[in-house]
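The values are calculated or read from the model by the stated rules, or taken from the named source; none is laboratory data. Please read all numbers here as calculations on a predicted model, not as lab measurements. Reconstructed Cβ throughout: ideal geometry from the backbone, glycine too, with neighbour counts over all protein chains shown.
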Amino acid sequence: MTTRSLFLLPGDGIGPEAMTEVRKIVAWMNDARGTGFVTDEGLVGGSAYDAHGSAISEGDMAKALAADAVLFGAVGGPKWDGVPYEVRPEAGLLRLRKDLELFANLRPAICYPALAGASSLKPELVEGLDILIVRELTGGVYFGEPKQILDLGNGQKRGIDTQVYDTYEIERIASVAFELARTRGNRVCSMEKRNVMKSGVLWNQVVTETHRAKYPDVKLDHMLADAGGMQLVRAPKQFDVIVTDNLFGDLLSDVAAMLTGSLGMLPSASLGAPDPKTGKRKALYEPVHGSAPDIAGEGIANPIAMIASFAMCLRYSFELIGDADNLEKAIANVLEKGIRTADIMAPGCRKVGTAEMGDAILAEFRALSA
Ligand code: NAD
């Protein structure tokens, strides 16, 4: 039987509560569908700091590196606000991204019909929205050197960040975007600022060349990133896959995310390069939200972002496309039935807690899988 290894890092705050709901789905899939998931579990963030003084142990890092996929909950909370910078909870996530070389961040913005009214845009602009933002995650201005504050000696200082991209970095993120587009609407829009940035000129050239050489069947458009931001809130449904750099992707993915309502709904995936031998990519799946210390322990957190992150894992790490489709459909159906956690509650709907929402999605998933 095929075995599929999953390494779970629930983390802090509502992370463990949301992960519990994913565990139920994994257990059912193994029992009923023979999916052969083998799970192991570790500590990350504040819980790891409490146990062994670092944001993730070397043993858990090794398990993350060996697994087919990592599922990550959330880290942080006021309890750890005063811990040293190098071992702060977020350091665990940054270490995972760095050591697993997760250069491609995927953030879908899907608007479930039942939640169209909760968007800050008019429902007709967002109903049925399904776009995917592919953000370069390990390069660009967040990492480029020099990166410093210089004392100019005349009472002035100078802050310096460096935007830098090499050909291979653009080529590999563009390839991810084109490949994903082939599994969806077959369209990619690349966004940069070639009008004012040299890195934007190179970005545009390399995306164009990668398209010509390997993906001519995919439709490619280019847009300046500022115009892209405007178009995202003017007419978001015009996009299928958007590919952009680290900085613009950070901003544009947050804008796109908020078109769809609550933080508790948003999944993400971060992928590395394919292994030369197996063709499998390292991957980490996590909800966009944080550890929500204000509601942690109350059993009221929305588990949908975590469950939808697991659906992305089924799709991208295990090619269980039918299961991923069914799990996403199960979420939509449950919302359609008016079942809501507190963060997405609306008049006339039934308010439930984390476990009941997870159970409702699992019941729907079972029915769809029958
Ligand atoms: P947050 O995402 O934790 O919470 C923001 C607001 O949204 C809160 O009111 C919270 O209750 C609500 N919320 C978030 N997720 C929810 C869910 N699933 N269901 C219902 N409500 C939800 O962001 P924050 O308050 O800025 O940060 C809290 C902690 O989380 C901080 O320590 C921060 O550093 C950390 N954080 C971690 C990550 C991560 O682990 N990737 C991301 C962001 C923030």
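Out of all the residues in the range 335-357, is one or more closer than 30 Å to LYS98 by Cβ, in a helix (DSSP H, G or I) and either under 14 Å from the mean Cα position of the chain (by Cα) or among the acidic types (Asp, Glu) (or both)? Within the range 335-357, none of the residues are closer than 30 Å to LYS98 by Cβ, in a helix (DSSP H, G or I) and either under 14 Å from the mean Cα position of the chain (by Cα) or among the acidic types (Asp, Glu) (or both).
Note on the range 63-85: residues that are part of a helix (DSSP H, G or I) and touching a residue at least 24 places away in the same chain (Cβ under 8 Å) total 7. Picking from residues in the range 318-327 that are surrounded by fewer than 23 Cβ atoms within 10 Å (Cβ to Cβ) and either in a helix (DSSP H, G or I) or within 14 Å of the chain's Cα centre (by Cα) (or both), the one that is nearest to the ligand (Cβ to nearest atom) is ALA324.
Residues that are of a type in the set (Gly, Ala, Ser), in contact with a strand residue (DSSP E or B) (Cβ under 7 Å, 6 or more places away or on another chain) and assigned to a helix (DSSP H, G or I): does the range 19-27 have at least one?
no
In the range 86-107, the residues that are within 20 Å of ARG315 (Cβ to Cβ) and at pLDDT 95 or above form Cβ pairs under 6 Å with partners that are among the charged types (D, E, K, R) and within 15 Å of the ligand (Cβ to nearest atom), at six or more places apart or across chains, as follows: ASN105/ARG135. The set of residues in the range 98-146 that are among the aromatic types (Phe, Trp, Tyr) and under 19 Å from VAL241 (Cα atoms) comprises PHE103, TYR112. Is there a residue in the range 291-303 that is surrounded by fewer than 19 Cβ atoms within 10 Å (Cβ to Cβ) and touching a strand residue (DSSP E or B) at 6+ places or on another chain (Cβ under 7 Å)? Checking the range 291-303: not a single residue is surrounded by fewer than 19 Cβ atoms within 10 Å (Cβ to Cβ) and touching a strand residue (DSSP E or B) at 6+ places or on another chain (Cβ under 7 Å). A search for C-beta distances below 6 Å between a residue of the range 1-18 that is more than 20 Å from MET29 (Cα to Cα) and any residue that is part of a helix (DSSP H, G or I), counting only pairs 6+ apart in sequence or on different chains, returns ASP12/GLY46; ASP12/SER47.
Within the span defined as the range 330-345, one or more residues are under 27 Å from ALA67 (Cβ atoms), at pLDDT 95 or above and in the same structural domain as ILE14 (by TED's automatic domain parsing). Tallying residues that are in a helix (DSSP H, G or I) and near the ligand (Cβ under 8 Å from one of its atoms) within the range 287-316 yields 3. For the range 76-100, filtering for residues that are surrounded by 15 or more Cβ atoms within 10 Å (Cβ to Cβ), more than 11 Å from the ligand (Cβ to nearest atom) and under 16 Å from the mean Cα position of the chain (by Cα) leaves 1. For the range 61-75, the set of residues classified as over 20 Å from the mean Cα position of the chain (by Cα) and more than 25 Å from ARG315 (Cβ to Cβ) consists of ALA62 only.
Which residue out of VAL201, VAL141, VAL164 is surrounded by fewer than 19 Cβ atoms within 10 Å (Cβ to Cβ), of a type in the set (Val, Ile, Thr) and assigned to a loop (DSSP other than H, G, I, E, B)? After ruling out the rest, the residue left standing is VAL164.
Scanning the range 58-73 turns up no residue that is surrounded by 19 or more Cβ atoms within 10 Å (Cβ to Cβ), assigned by TED's automatic domain parsing to the domain that holds LEU252 and within 16 Å of the ligand (Cβ to nearest atom). Provide a single number: the residues in the range 223-250 that are closer than 19 Å to GLN205 by Cβ, without any contact (Cβ under 8 Å) to a residue 40 or more places away in the chain and in contact with a helix residue (DSSP H, G or I) (Cβ under 6 Å, 6 or more places away or on another chain). Total satisfying the criteria: 1.
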